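The values are calculated or read from the model by the stated rules, or taken from the named source; none is laboratory data. What you see is a predicted model, and the numbers here were worked out from it, not measured in a lab. All Cβ positions, glycine included, derive from the backbone under ideal geometry; neighbour counts span all protein chains shown.
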Amino acid sequence: MAHLHETQLSSELLYDGKIIRVERDIVQLEDGSEATREVVRHPGGVCVLALTDQEEALIVRQFRYPYREVTVEIPAGKLEYGEDPETCGKRELLEECGCTADSFTYLGKLYPTPAYNTEIIRFYLATGLHFGQQALDEQEFLDVERIPFEELLDAVLRDEIPDAKTQTAILKYAAMRAKK
């Protein structure tokens with residue numbers, strides 16, 4: 001067996017829900033021994049750092065049940081299996097913030113929890129914003145705000161925004177600007 005490789009021997013479906021699927025796999029390790037892996041299968045998501053011409057970022061505040069608190073996040077959403085990530089990002093920006101963008105630039109991807117979850121989050125930068133009507137999904141409640149980018153960056157550095165995708169997008173964009 002190859003170095004740093006595991007071979008799936010069997011898989012058992014433990015849960016098949018609306019958003020995630022949970023499986024328990026038995027794998028063979030490179031030394032020939034076997035181990036159990038619990039895997040959360042997730043279709044992935046997209047997030048959008050949307051900036052106005054005045055360098056204000058669009059953020060959403062929404063209640064996140066697992067943490068029992070309101071979070072500050074950039075617009076984001078779950079991919080449908082097989083959906084194009086850019087298409088998803090544009091849809092989510094329109095639904096959550098009511099806007100479209102002249103420029104939609106791919107910024108990279110993130111594995112939020114690679115030890116047990118297949119989720120991949122793709123990042124986009126949206127500029128040249130045009131505002132219209134918000135079109136939230138059924139049972140979706142959120143507030144949209146415009147926050148100066150530098151203020152948002154300071155909030156991340158002060159540990160006031162714990163959301164991983166939001167932190168990553170803000171820090172990545174700040175680093176990109178600094179290299180120009």
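Number of residues in the stretch 1-25 that are acidic (Asp, Glu), assigned to a strand (DSSP E or B) and surrounded by 14 or more Cβ atoms within 10 Å (Cβ to Cβ): the value is 2. The number of residues in the stretch 26-39 being within 24 Å of LEU79 (Cα to Cα) and surrounded by fewer than 16 Cβ atoms within 10 Å (Cβ to Cβ) comes to 1. Every test in (1) touching a His at 6+ places or on another chain (Cβ under 7 Å); (2) loosely packed, with under 12 Cβ neighbours inside 10 Å is passed by THR100 save one, and that test is (2).
Checking the condition at pLDDT below 95 and under 30 Å from PHE131 (Cβ atoms), which residue from GLU69, GLU95 passes? Explain how you work it out, then say what you get.
Values: GLU69 fails: at pLDDT below 95.
Every option except GLU95 fails the conditions.
What about LEU153, is it surrounded by 12 or more Cβ atoms within 10 Å (Cβ to Cβ), more than 16 Å from the chain's Cα centre (by Cα) and over 16 Å from VAL60 (Cβ atoms)? Yes; evaluated as a whole, the condition is true for this residue.
Looking at the stretch 1-14, is at least one residue at pLDDT below 95 and among the small types (Gly, Ala, Ser)? There is at least one residue in the stretch 1-14 that is at pLDDT below 95 and among the small types (Gly, Ala, Ser). Of the residues screened, GLY82 is one that is assigned by TED's automatic domain parsing to the domain that holds TYR111 and on the phi > 0 side of the Ramachandran plot.
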